[in-house]
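Structure first, commentary second.
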Amino acid sequence: MSDIIHALQSCHLFKDIPETAIQDFIKEFPYQVQEYGQGACIISKDDTPGYIGIVLSGTLGIYSDSLHGGHTLIGIADENYLFGFIARFYNNARSITALYARNRCKIVKFMIPACMASHEFIAKTDTRIISNMFAILTAHIERDFDRMYLISTYSVRIKLVRYLLYERTKNNSLTFQCPFNKTELASYLGVYRTSLIHEIRKMDNEEIIAADKNQFTILDIEQLIEIEQMSYER
């Protein structure tokens with residue numbers, strides 16, 4: 001038990017939570033730790049998870065799957081990513097996204113009794129853990145709104161510009177490592193991979209950015225901002 005307690009203490013869900021409160025939580029909600037290989041499906045859209053999961057190591061791709069076979073990447077779940085709570089209690093017990101392992105990953109799952117309602121879960125859980133949980137869910141919502149802003153244009157160029165400015169702000173640096181490969185980034189921005197690569201090369205040739213595999217360096221921040229601001233005039 002000491003190993004799992006130590007691992008959980010580094011998770012955002014249990015940030016600043018006393019060890020005794022964590023022990024009470026895992027006694028109330030038994031846990032399983034599972035490992036997945038690259039490409040494994042953790043949860044499919046419309047699955048009915050009976051647990052709340054946390055990514056302990058590795059990363060997951062977050063996908064929105066359509067009824068017609070569409071498979072769109074909408075984000076990356078890093079370590080500490082929390083999933084299953086909304087699906088379990090607030091979406092008719094069905095997942096709204098699909099999660100796939102991008103690399104080898106380890107996940108802890110806290111099993112929730114099938115008959116338990118959300119108010120019962122909240123009543124049985126330390127209020128500090130609930131507070132952390134809603135802080136995490138709020139961050140998820142903020143990230144979803146950020147992506148909606150990035151893709152709310154038909155222009156591949158403007159989508160890319162917005163993304164570069166977004167990452168520059170997030171990393172507080174003109175040079176940053178993109179967490180996506182080109183195929184994933186194209187899916188995330190809702191564009192064709194060939195169109196994205198063409199625009200990256202074009203901006204590289206214009207010396208607005210320097211692109212080296214997944215590393216980007218913004219060379220002309222004023223030009224990027226001007227391109228982004230011009231999008232509102234259309």
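Please give the FRET efficiency for residue 41 paired with residue 197, using the beta carbon to beta carbon distance and R0 = 22 Å, rounded to the nearest 0.05. Intermediate results must be reported in sequence, preceding the final value.
On the way: r = 28 Å, r/R0 = 1.27.
The value I calculate is 0.20.
What is the angle, in °, between the Cα long axis of helix 156-171 and the longest principal axis of the Cα atoms in the chain? Nearest 10 is fine, range 0 to 90.
Here the helix axis deviates by roughly 60 degrees.
Filter the cross-link list 109/170; 15/170; 170/202; 27/124; 27/109 down to pairs whose alpha-carbon distance in this structure exceeds 18 Å. Intermediate values should be presented prior to the final figure.
Details: 109/170 29 Å; 15/170 22 Å; 170/202 24 Å; 27/124 11 Å; 27/109 13 Å.
Over 18 Å apart, Cα to Cα: 109/170; 15/170; 170/202.
Just to confirm the filter: which chymotrypsin sites (Phe, Trp or Tyr not before Pro) across the stretch 120-157 are DSSP coil and have at most 12 other Cβ within 10 angstrom of their Cβ?
154
What distance in nm separates the simple spin-label points at residue 118 and residue 139, each placed 7 Å from Cα in the Cβ direction?
Here the modelled spin labels are 2.1 nm apart.
Please go through the stretch 146-213 and write out the trypsin sites (Lys or Arg not before Pro) that DSSP classes as loop and that have at most 12 other C-beta atoms within 10 Å. Walk me through the numbers before you get to the answer.
On the way: sites: 147, 157, 159, 162, 168, 170, 182, 193, 201, 202, 213; in loops: 213.
Filter output for the stretch 146-213: 213.
Residues with amide H under 5 Å of residue 76's amide H, sequence separation 5 or more or different chain, H placed in the peptide plane at 1.01 Å from N; which?
It is 62, by chain and number.
Which length gain, in nm to one decimal place, applies between residue 204 and residue 152 when the Cα-Cα distance is subtracted from 0.36 nm times their residue separation? Walk me through the numbers before you get to the answer.
Details: separation 52, 0.36 × 52 = 18.72 nm, distance 2.35 nm.
Separation in residues times 0.36 nm, less the Cα-Cα distance, equals 16.4 nm.
If you plug each phi of the stretch 215-224 into the Karplus form 6.51 cos²θ - 1.76 cosθ + 1.60 with θ = phi - 60°, what whole-Hz ³J(HN,Hα) values come out, in order, with x for Gly and Pro?
Coupling constants for the stretch 215-224: 9, 10, 10, 7, 9, 9, 5, 5, 5, 4 Hz.
What shape does the stretch 1-135 take by its C-alpha gyration tensor, where a ≥ b ≥ c are the square roots of the eigenvalues and a/c under 1.5 counts as rounded, a/b above b/c as prolate, and the rest as oblate?
Numbers: a/c = 2.09, a/b = 1.38, b/c = 1.51.
The shape class here is oblate.
Could you compute the FRET efficiency for residue 232 and residue 80, with r as their C-beta to C-beta distance and R0 at 35 Å, rounded to 0.05?
On the way: r = 35 Å, r/R0 = 1.01.
The computed FRET efficiency comes out at 0.50.
Can you compute 3J(HN,Hα) from phi for each residue in the stretch 21-27, using the Karplus curve 6.51 cos²θ - 1.76 cosθ + 1.60 with θ = phi - 60°, rounded to whole Hz and x for Gly and Pro?
Values, residue by residue: 5, 5, 4, 4, 5, 6, 6 Hz.
(i) 0.96; (ii) 1.03; (iii) 1.06: which one is Rg/Rh (Cα atoms, Kirkwood Rh) as calculated from this entry?
Matching the structure shown: (ii).
Compute the FRET efficiency between residue 172 and residue 2 as 1/(1 + (r/R0)^6), taking r as their Cβ-Cβ distance and R0 = 30 Å, and round to the nearest 0.05.
Numbers: r = 37 Å, r/R0 = 1.23.
Approximately 0.20, to the nearest 0.05.
Coordinate-derived values only; no laboratory data. Just so it is clear, the structure is predicted and the values come from calculations on it, not from any experiment. Here the Cβ is made from the backbone with ideal geometry for all residues, glycine too, and neighbour counts use every protein chain on show.
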